[in-house]
1. Would you mind getting me the FRET efficiency between residue 266 and residue 28? Use the beta-carbon distance for r and R0 = 25 Å, nearest 0.05.
2. In region 257-364, carbon and sulfur make up what percent of the accessible area (probe 1.4 Å)?
3. For region 320-363, what class follows from the C-alpha gyration tensor (a ≥ b ≥ c being the square roots of its eigenvalues): rounded when a/c is under 1.5, otherwise prolate if a/b is larger than b/c, else oblate?
4. Just to be sure I understand the model, the point goes 7 Å from the Cα along the line to the Cβ. What's the resulting residue 384 to residue 2 distance in nm?
5. Over region 174-272, calculate the relative contact order: mean separation of alpha carbon pairs under 8 Å at least 6 apart, over the residue count, as a percent.
6. R0 = 22 Å: FRET efficiency of residue 13 with residue 302, Cβ-based, nearest 0.05?
7. Above 15 Å lies some portion of the pair distances; for region 270-333, what is it as a whole percent of all C-alpha pairs?
8. Measure off 7 Å from each Cα along the Cα-to-Cβ vector at residue 332 and residue 197, then give the distance between these two points in nanometres to one decimal.
Amino acid sequence: MESIKLDITKATQFLNPGTIEAYAPQVAAAQVALEKGTCAGNDFLGWLHLPSSITKAFLTEIENVADTLRKKCEVIVVAGIGGSYLGARAVIEGLNNSFAWLIKDKKNPTILFAGNNIGEDYLFELTTYLKDKKFGVINISKSGTTTETALAFRLLKKQCEDQFGKEFSKDVIVAITDKKKGAARITATQEGYKSFVIPDNVGGRFSVLTPVGLLPIAVAGFDIKALVEGAKDMEKETGTDVPFANNIAARYAAVRQGLYAQAGKKIEIVANFQPKLHYFAEWWKQLYGESEGKDHKGIFPTACDFTTDLHSMGQWIQEGERSIFETIISVEQPNSTLLFPHDNENLDGLNFLEGKRVDEVNKMAELGTRLAHVDGGVPNIRVSVPTLNEYYLGQLIYFFEKACGISGLIMDINPFNQPGVEAYKKNMFALLNKPGYEAESKAIQERLTSDK
Ligand code: PA5
């Protein structure tokens, strides 16, 4: 099997000679700290050897539950937010037909997502759409108490029971949550739902290779064994025994740090030339944003879909403040072939492309963009993926996870917590007068009155 590849040559040219190699000792120390569990956040290292610890029997169990949902339902709603949602969506949308929900007679259920916002119109339109559909729900929440997810699940559970009765609902609602605590666990036990456990030592944004990602991905009809196999191979390829010169996770972590600390590049744009990777970049944004953005440090992670965003963000990237670098995820081979046809009139002047694949134009757009952006002062990292399938997405997931762990430790922060996420929740609960938040409610009301 081939592997994903990393090209940092168009980034290192922005750094002093020897910068990357100079990071080798720090990277090695970070890797050892991860392995030995001596780093900050060491109670959340379950992701590190997760791929190699997943058994075939466990994957078969997940596939069996997925099969039941697939047989009984035409639509599955995945309720979850952040790490309890983005990984599944990244893989499903990365592999699905771009028009999956419009295709009739499909063999896989339509996968929809909820619990990742509090849009009343969104939830109204979703519940309206589900009215004449055989649907099931995968309720995903590690804490089991996240407001967005709990709100959506309450609506969906009621609708499922109203439409099909409690007995059928029991077969088509699955919970993925903590093994003991939280409302999602209590409800699952009381109602007798099939459930899976999110391991204590795997944080949300590192959980795509637990049932959090694996069950929705299997329900969507994709091969979770190949996904895990890809991740497992990448676990080996990025191990502590792999020399720095060949370890792509170590090198990606090092070049990012060099660009940040030495070249003042504070923003990383992950760009793709495949619209299917839009949600992969969303997953990546959470992984790096929540892991690094603390103690007033961190590279701001953002994403663009090219060539789409070259017509909106392209100007800024080419000529705006030089605080950015780009990481392009490039897919070598599309899964389909489409050739440009001949046109007698040639009014668009495109007959010179006759007989060429659409992807050939896309690749020249990519190369042209890289060169232009580098000329404009934007360091460029390229991660190339042989093709979009489960195996290579598994590799890509583990590659970014491993590099993220190393990066955070080099920055001297705890990459595995997210204390900042609580601030908005505290205010929201205070504003909604949630029981238990009386003091906060009083304080926030006083603040709002004095702000007027
Ligand atoms: O990475 C994280 O920990 C967060 O993004 C969580 O996944 C997110 O807040 C959802 O939390 P929970 O799974 O507890 O509902």
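1. 0.45
2. For region 257-364, the apolar C and S fraction of the accessible surface comes to 54 percent.
3. oblate
4. 0.8
5. Reported as a whole number, the value is 14 percent.
6. Working: r = 22 Å, r/R0 = 1.02.
It comes to 0.45.
7. The calculated P(r) of region 270-333 puts 56 percent of pairs beyond 15 Å.
8. It works out to 4.1 nm between the two label points.
The values are calculated or read from the model by the stated rules, or taken from the named source; none is laboratory data. Predicted model, so just to flag it, every value in this text is computed and none were measured. Cβ coordinates were reconstructed from backbone atoms using ideal geometry, including for glycine residues, and neighbour counts include every protein chain displayed. To get the accessible areas, we keep the full protein, side chains included, count just its heavy atoms, and leave off ligands, DNA and RNA. Shrake-Rupley method; radii C 1.70, N 1.55, O 1.52, S 1.80 Å.
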